[in-house]
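What follows is one structure encoded as structure tokens, with my remarks underneath.
The values are calculated or read from the model by the stated rules, or taken from the named source; none is laboratory data. Here the structure is a predicted model, which means the values were calculated and not measured. Cβ placement follows ideal geometry from the backbone for every residue including glycine, while neighbour counts extend to all protein chains displayed. Side chains are part of the model used for accessible areas, which takes the heavy atoms of the whole protein and leaves out ligands, DNA and RNA. Shrake-Rupley method; radii C 1.70, N 1.55, O 1.52, S 1.80 Å.
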Amino acid sequence: MTDADCEAVAEIRVRGWQYAYAGLMPKPFLDAMSVEKETVRRRAYLTEPTPGVLNLVAEHAGRVVGWGCSGPCRDEDVPAGTAEVYALYVRPDRIATGVGRALMDALTAAAGETGHGALVLWVLKENDRARRFYTRSGLAPDGAEEPFDVAGTHVPEVRYTRRLTPPSAPDPSDFPGPPASSSPSGV
């Protein structure tokens, strides 16, 4: 992602929230989201980058159609060396075209290549479409849940996790067990 991508990424994020969270979050809150304000936020994040944060865009025919962002996990209850997907959004008209899968695969690969042992993300508990997508991507709920309040509406999030294979480690498919822990500790 470059500075030139910030406006397209902002639009993808705002339209993504408005599409994915319709009926889950208050409509006035979603309607008030601003591409202009989000563009300023995206540029600020790029200008003052956080170490280890990766912003990727997906393009089709020269147009940005998706955005993903990952970095060190912010949760205190997970092992050190865990990565987190902070955001994954695709233009609503490009959902189910493989863009989200390509971004998720790239973020997962980057986390593994940089030596992270696990990957986590938070998703709205009621966002069934996203939860199915993350399950197909090899993640599973780990039992952690967070309250999330949007304009006075309670929209809890659940955490999904996946073990990763460091480049020099054996393939996890060689070992029995699910791809994620079901313990409350997260991973």
Query raised in the report: Can you find a residue in region 92-103 that is of a type in the set (Gly, Ala, Ser) and surrounded by 15 or more Cβ atoms within 10 Å (Cβ to Cβ)?
Result: yes
Query raised in the report: Yes or no: residue 165 out of contact with any Lys or Arg (no Cβ under 8 Å at 6 or more places or on another chain) and open to solvent by less than 70 Å² (accessible area, probe 1.4 Å)?
Result: yes
Report summary line: When (1) over 26 Å from residue 145 (Cβ atoms); (2) under 12 Å from the mean Cα position of the chain (by Cα) are applied to residue 93, the one that fails is (2)
Report task. Evaluate region 105-118: report whether one residue or more is within 14 Å of residue 72 (Cα to Cα) and among the charged types (D, E, K, R). Result -> yes
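Going through region 42-70 one residue at a time, which ones are surrounded by 14 or more Cβ atoms within 10 Å (Cβ to Cβ) and among the basic types (Lys, Arg)? Lay out the reasoning, then the answer.
Just the residues of region 42-70 that are surrounded by 14 or more Cβ atoms within 10 Å (Cβ to Cβ), to begin with: 42-43, 45-46, 53-58, 64-70.
Listed by number, the residues that qualify are 42, 43.
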Query raised in the report: Condition test on residue 33, is it touching a helix residue (DSSP H, G or I) at 6+ places or on another chain (Cβ under 9 Å), assigned to a loop (DSSP other than H, G, I, E, B), modelled with pLDDT of 95 or more and open to solvent by less than 50 Å² (accessible area, probe 1.4 Å)?
Result: yes
Report task. Only residues that are open to solvent by 50 Å² or more (accessible area, probe 1.4 Å) and either more than 12 Å from the chain's Cα centre (by Cα) or of a type in the set (Gly, Ala, Ser) (or both): list them for region 104-139, please. Result -> 113, 114, 125, 126, 128, 129, 132, 135, 136
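Name the one entry in 9, 57, 65 that is within 21 Å of residue 123 (Cα to Cα), in a helix (DSSP H, G or I) and touching a strand residue (DSSP E or B) at 6+ places or on another chain (Cβ under 8 Å). Even if it seems obvious, please write down each step before you answer.
On the way: 57 fails: in a helix (DSSP H, G or I); 65 fails: in a helix (DSSP H, G or I).
None of the other options fit; the residue is 9.
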Report task. Report yes if some residue within region 141-155 is at pLDDT 95 or above and of a type in the set (Gly, Ala, Ser); otherwise report no. Result -> yes
Requested in this report: Answer yes or no as to whether residue 14 is open to solvent by less than 80 Å² (accessible area, probe 1.4 Å), among the hydrophobic types (A, V, I, L, M, F, W, C), modelled with pLDDT of 95 or more and not in a helix (DSSP H, G or I).
Outcome: no
